[in-house]
Amino acid sequence: MEEGEKGDEEVLGSSLTMEKVAAAKQFIENHYRAQMKNIQERKERRWVLERKLASSDVPKEEQINLIKDLERKETEFMRLKRHKICVDDFELLTIIGRGAFGEVRLCREKKSGNIYAMKKLKKSEMLSRGHVEHVRAERNLLAEVASHCIVKLYYSFQDAEYLYLIMEYLPGGDMMTLLMREDTLTENVAKFYIAQSVLAIESIHKYNYVHRDIKPDNLLLDKNGHMKLSDFGLCKPLDCRTLSTLKENEPMEDENLREPMDIDGCIPDADNRSNWRSPREQLQHWQMNRRKLAFSTVGTPDYIAPEVLLKKGYGMECDWWSLGAIMYEMLVGYPPFYADDPITTCRKIVHWRNHLKFPEDTKLTPEAKDLICRLLCDVEHRLGTGGADQIKAHPWFKDIVWDKLYEMEAAFKPEVNGELDTQNFMKFDELDPPTQPRTGLGPSRKMLLTPTDLSFVGYTYKNFDAVKALRNSSDVTRSTSPKRPSIDSIFGDLKVDFTAKGRAEETDEQMYASTGDAMSP
């Protein structure tokens, strides 16, 4: 008996040892890969600055000062990297999003005073629901894709229980809020936001990412009304495993209609599905349920492409289907395949040829209808399958100047009163007072490495822009001197994205104590 217990202990010990070995290997590989990448990026920044200065009319003495400024920034950046970012560095403010996996909260960085959106995800939930790769992909996409069409990531870090993403705060709310407020958009307004969506989707496709969850909830507006793509990832996505029986040639029988989307029973006669079939009634039904569905466990499949539901295998073209569904909703008022239960919606999507219709009282231009139909179709004929240029060339966009889209005045300007204004987001009650955890963070975290830690090695990220923010906050307290050209002004005047090359990624060194056992997280 004792020998058996001893054998079990040896097996357990061996398993834990192998996990530590795997974590150490991953840590070392990530560390040196990041080191080499950082060295190369520093060289590139220096080279770009010298090249731009050489072709500018900046005096020689000022050129030397600007190069010294860059060197000082690089030093500060390295100092920032050594600082172990944690929740204690932020003042937690209003909750602006909540779902099954965590929450999104407004926060203020204590040192710089900058306002950010903090997304917090519970590790155990990510593991138990099999979302480790999803959350890694989100972090990687935000860290790697340098585009003004994508919400900017400043930091990512973790503690014993949670993963954190510190992102730019876009106070204009999301497209879902705008659609609920306006019912429908004019073609000119819809064209502006669909065009910006095309640029955003194109920017992630260039990095070989497929979003797979394009929907109005993930199209966020900045204070000026310009749209950026994000993925707050808090709403439970449709569990496609329950749809494995969907077939293209399967008839839609009445007995398949179940799970009404009237999730709190507030709509009269919701079970009598024939009572809201007119376009106006359908619009009202959709609006009453839309916000609740977004934050419920029911989920909404309205924007999912048929090839995704049928598990045929899919690529980037599935994002263009989603964009077509959003365009339809902008102009009509509700998604093209909306039904009062998710299974019926899925069946309508699969049988899209029979169910893609435009209400008779909807006045759309022929070009708008044509674009919708060429996005909501089979993969072989879908616009965008050969690249975003196919969509850009469509006649509906004939008056769009693509490279000036983010420079012009937005089609809609949200009401925003100050940097802390959250009026364009839902109100959420505090479940617990926002406390600043003092354990399980940074070098103080002294515990045995767990499989949870191993799953999220390499999650930490710091953006070069964060250095600029911290530097600017300290510059305010310094005495003023005669103004001279700055690095930012030189790069700005020359239309060069300095910070695009200034992203920096580092391994999760805070998972490992700086002293003691090298494998303690």
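The values are calculated or read from the model by the stated rules, or taken from the named source; none is laboratory data. A quick note: this is a predicted structure, and the numbers were derived from the prediction, not measured. As a convention, Cβ positions derive from the backbone with ideal geometry for all residues, glycine included, and neighbour counts pool all protein chains shown. We work out accessible area using only protein heavy atoms, side chains counted, and drop any ligands, DNA or RNA first. Shrake-Rupley method; radii C 1.70, N 1.55, O 1.52, S 1.80 Å.
Looking at the stretch 157-202, which of the residues that are within 20 Å of LEU405 (Cβ to Cβ) and in contact with an Asp or Glu (Cβ under 6 Å, 6 or more places away or on another chain) is modelled with the lowest pLDDT?
Selected residue: ASP174.
Residues that are closer than 15 Å to ASN188 by Cα and either open to solvent by less than 40 Å² (accessible area, probe 1.4 Å) or in contact with a Lys or Arg (Cβ under 8 Å, 6 or more places away or on another chain) (or both): does the stretch 374-391 have at least one?
Within the stretch 374-391, the first condition is being closer than 15 Å to ASN188 by Cα, and the residues that meet it are none.
No, the stretch 374-391 contains no residue that is closer than 15 Å to ASN188 by Cα and either open to solvent by less than 40 Å² (accessible area, probe 1.4 Å) or in contact with a Lys or Arg (Cβ under 8 Å, 6 or more places away or on another chain) (or both).
Please find, among TYR338, TYR314, TYR334, the residue that is crowded, with 22+ Cβ neighbours inside 10 Å, hydroxyl-bearing (Ser, Thr, Tyr) and touching a residue at least 40 places away in the same chain (Cβ under 8 Å).
TYR338
With the checklist (1) in a helix (DSSP H, G or I); (2) touching a Leu at 6+ places or on another chain (Cβ under 8 Å); (3) surrounded by fewer than 18 Cβ atoms within 10 Å (Cβ to Cβ) in hand, flag the one item GLY324 doesn't pass.
(3)
For the stretch 82-127, which residues satisfy the criterion of being open to solvent by less than 30 Å² (accessible area, probe 1.4 Å), more than 16 Å from the chain's Cα centre (by Cα) and among the basic types (Lys, Arg)?
Within the stretch 82-127, LYS123 is the sole residue that qualifies.
What is the one condition in (1) under 23 Å from GLN423 (Cα atoms); (2) outside any helix (DSSP H, G or I); (3) touching a strand residue (DSSP E or B) at 6+ places or on another chain (Cβ under 8 Å) that LEU178 does not satisfy?
So the condition that LEU178 fails would be (2).
Need the failing condition index for PRO59 against (1) more than 30 Å from the chain's Cα centre (by Cα); (2) open to solvent by 80 Å² or more (accessible area, probe 1.4 Å), just the number.
Of (1) more than 30 Å from the chain's Cα centre (by Cα); (2) open to solvent by 80 Å² or more (accessible area, probe 1.4 Å), only one is false for PRO59: (2).
SER147 - would you say it is assigned to a loop (DSSP other than H, G, I, E, B) and surrounded by fewer than 22 Cβ atoms within 10 Å (Cβ to Cβ)?
Answer is yes for this residue.
Restricting the stretch 21-49 to residues that are acidic (Asp, Glu) and at pLDDT 80 or above, which is surrounded by the fewest Cβ atoms within 10 Å (Cβ to Cβ)?
The residue in question is GLU44.
When you scan the stretch 152-189, how many residues do you find that are buried (at least 19 other Cβ atoms within 10 Å of the Cβ), more than 18 Å from PHE90 (Cα to Cα) and β-branched (Val, Ile, Thr)?
Of the residues in the stretch 152-189, 1 are buried (at least 19 other Cβ atoms within 10 Å of the Cβ), more than 18 Å from PHE90 (Cα to Cα) and β-branched (Val, Ile, Thr).
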